[in-house]
Amino acid sequence: MNIVLLGSGNTATVLAKMIKKADHTIAQVWSRNTAYAEALAAKVHAKAIASLDDITSEADICIMAVTDTAIPELAKQLKLKRKILVHTAGSVNKDVLRNSSPNYGVLYPLQSLRKEMIVIPPVPFLVDGNSDEVNVLLADFAASFSDNVQPADDDTRLKMHLAAVMVSNFTNHLYALTEDYCKDRHLDFKLLHPLIIEVACRLTQGSAVDMQTGPARRGDEETIKKHLLLLEIDEHLQDLYHELSESIRRLYRKK
């Protein structure tokens, strides 16, 4: 397929690499920053365009890979006659594209993507279109570069986006707080890397509920008290530790 890519950030860059590797043609790349568009276009042998008016009529799909907040305003600037227009956001309704093209939908990569990635991890895609024909085409297109493609309407996609924030953004925030804790106490945070990887990998072997360990899970109140005392000088971390421990207790009291 011939693809036009709108955007040049993390999602746009990784998508461009995946699409190119699947032997599709990226005809054009547009970005608000022309220099960024030119840099990405050079990597995937595409043409950088400075104006949305220059979008080729030969494109099959126009992919809007920009920030969630930028989608509505960008959509207002597009009037595509026949080509399929999609955005890549998890939390944005597909109908924001209703007036931009008669054929539209969503191509949502359920993964944390960074343009610096050397090796691209598995990327599940949730797809949705405004017609059966668009749904089939988007599913086939995504399946050419992903082994895990599933249909998901706006409600399902939003719920999955929330779940993604919890398992990715929230856990990473805990890593960041713990890294600061270690730094302040002259501890080597890198010693925790194998543990972080091991716990994450266990989720492929069973339910997270069954994999839970730690003092709150086993009811070790003495250890919890010692930890809370250590955190007396950091009220924010102490509150988090207490709240998460209570959450674990509540969950397993129900079992």
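Summing +1 for each Lys or Arg and -1 for each Asp or Glu, what net charge is found among the other residues whose Cβ lies under 14 Å from the Cβ of Ala142?
Taking every Cβ under 14 Å from that of Ala142, the sum is -2.
At 7 Å along the Cα-to-beta-carbon direction for both Asp95 and Ala208, put a label point, then send me their distance in nm to one decimal.
3.1 nm
Could you please state how large a percent of the accessible area of the chain is carbon and sulfur, counting protein chains only and using a 1.4 Å probe?
54 percent
When the dipole is taken about the Cα centre of the stretch 114-255, and only Lys, Arg (+1) and Asp, Glu (-1) are charged at their Cβ, what size is it in debye, to the nearest 20?
620 debye
Leaving out ligands and nucleic acids, note down the accessible area per residue over the stretch 8-122 with a 1.4 angstrom probe, in whole Å².
Heavy-atom SASA per residue in the stretch 8-122 reads 51 Å².
Rounded to the nearest 500, what is the chain's calculated 222 nm mean residue ellipticity when only DSSP H runs of at least 4 contribute -39500 (n - 2.57) each, over all residues?
Result for the chain: -13000 deg cm²/dmol, rounded to the nearest 500.
Under 1.5 on a/c is rounded, so check that first for the stretch 41-117, then, if it is not, pick prolate when a/b is larger than b/c and oblate when it is not; a ≥ b ≥ c are the square roots of the alpha carbon gyration tensor eigenvalues.
Oblate, since a/c reaches 1.5 and b/c is not below a/b.
Where Lys and Arg each count +1 and Asp and Glu each count -1, what net charge lies around Asp95 among other residues with Cβ under 12 Å from its Cβ?
Here the count lands on -1.
Probe of 1.4 angstrom, ligands and nucleic acids ignored: what's the accessible area per residue over the stretch 144-222, in square angstrom?
With the other protein chains kept in place, the stretch 144-222 gives 74 Å² per residue.
Please state the shape class of the stretch 175-255: rounded when a/c is under 1.5, otherwise prolate if a/b exceeds b/c and oblate if not, all from the C-alpha gyration tensor.
oblate
Net charge within 13 Å of Val44 by Cβ-Cβ distance, Lys/Arg positive one each and Asp/Glu negative one each, not counting Val44 itself?
Within the 13 Å Cβ shell, the charges total +4.
Excluding same-chain residues fewer than 8 positions from Lys79, which aspartates and glutamates have a Cα within less than 18 Å of its Cα?
Asp53, Asp54, Glu58, Asp60, Asp95
In degrees, nearest 10, range 0 to 90: what is the angle between the Cα axis of helix 154-164 and the longest Cα principal axis of the chain?
40 degrees
So, in nm, how far is label Arg250 from label Asn135 when the simple model puts each one 7 Å beyond its Cα toward the Cβ?
The two pseudo-label positions are separated by 3.7 nm.
In terms of the Cα gyration tensor, with a ≥ b ≥ c the square roots of its eigenvalues, is the stretch 161-202 rounded because a/c is under 1.5, prolate because a/b exceeds b/c, or oblate?
Cα axes put the stretch 161-202 in the oblate bin.
FRET efficiency for Arg185 and Ile120, Cβ-Cβ distance as r, R0 = 45 Å, nearest 0.05?
0.80
Any idea what angle helix 10-21 forms with the longest principal axis of the chain, computed on alpha-carbon atoms, 0 to 90 degrees, nearest 10?
60 degrees
My understanding is that a pair violates if its Cα-Cα distance is over 31 Å; which of Lys76/Lys115; Lys43/Lys94; Lys47/Lys190; Lys21/Lys94; Lys20/Lys183 do that in this structure?
Cα-Cα > 31 Å for Lys47/Lys190; Lys20/Lys183; rest within.
Could you tell me which residue out of Ala35, Ser51, Ala22 lies farthest along the dipole of the stretch 15-81 toward its positive end? Charges go on the beta carbon: Lys and Arg +1, Asp and Glu -1, centred on the Cα centre.
Of the candidates, Ala22 comes out farthest on the positive side.
If I compute Cα extents along the principal axes in Å from the structure I just sent, which labelled value in (1) 45, 45, 32; (2) 69, 39, 31; (3) 65, 36, 33 lines up?
Checked against the structure: label (2).
Angle, helix 235-253 long axis vs. longest principal axis of the chain, Cα atoms, 0 to 90°, nearest 10?
90 degrees
Report the antiparallel proportion of the DSSP beta bridges in the stretch 84-175 as a percent, rounded to a multiple of 5.
The antiparallel proportion sits near 45 percent.
Mind putting a number on the dipole of the chain about its Cα centre? Charges go on the C-beta only, +1 for Lys and Arg and -1 for Asp and Glu, and I need it in Debye to the nearest 20.
Dipole size: approximately 300 debye.
Between Asn10 and Ile233, with labels modelled 7 Å along Cα→Cβ, what's the label distance in nm to one decimal, could you check?
Label at Asn10, label at Ile233, 3.3 nm between them.
Show me, for the stretch 69-84, the HN-Hα J-couplings you get by feeding each phi into the Karplus relation (A = 6.51, B = -1.76, C = 1.60, θ = phi - 60°), rounded to Hz, glycine and proline as x.
Couplings: 6, 7, 4, x, 5, 5, 4, 5, 8, 10, 9, 9, 6, 10, 4, 7 Hz.
Calculated FRET efficiency, Ser51 and Met166, Cβ-Cβ r, R0 35 Å, to nearest 0.05?
Calculated transfer efficiency: 0.30.
The values are calculated or read from the model by the stated rules, or taken from the named source; none is laboratory data. Values in this document were obtained by computation on a predicted structure and should not be read as measured data. Here Cβ is always computed from backbone atoms with ideal geometry, including for glycine, and neighbour counts include all displayed protein chains. Only protein heavy atoms, including side chains, enter the accessible area calculation; ligands, DNA and RNA are left aside. Shrake-Rupley method; radii C 1.70, N 1.55, O 1.52, S 1.80 Å.
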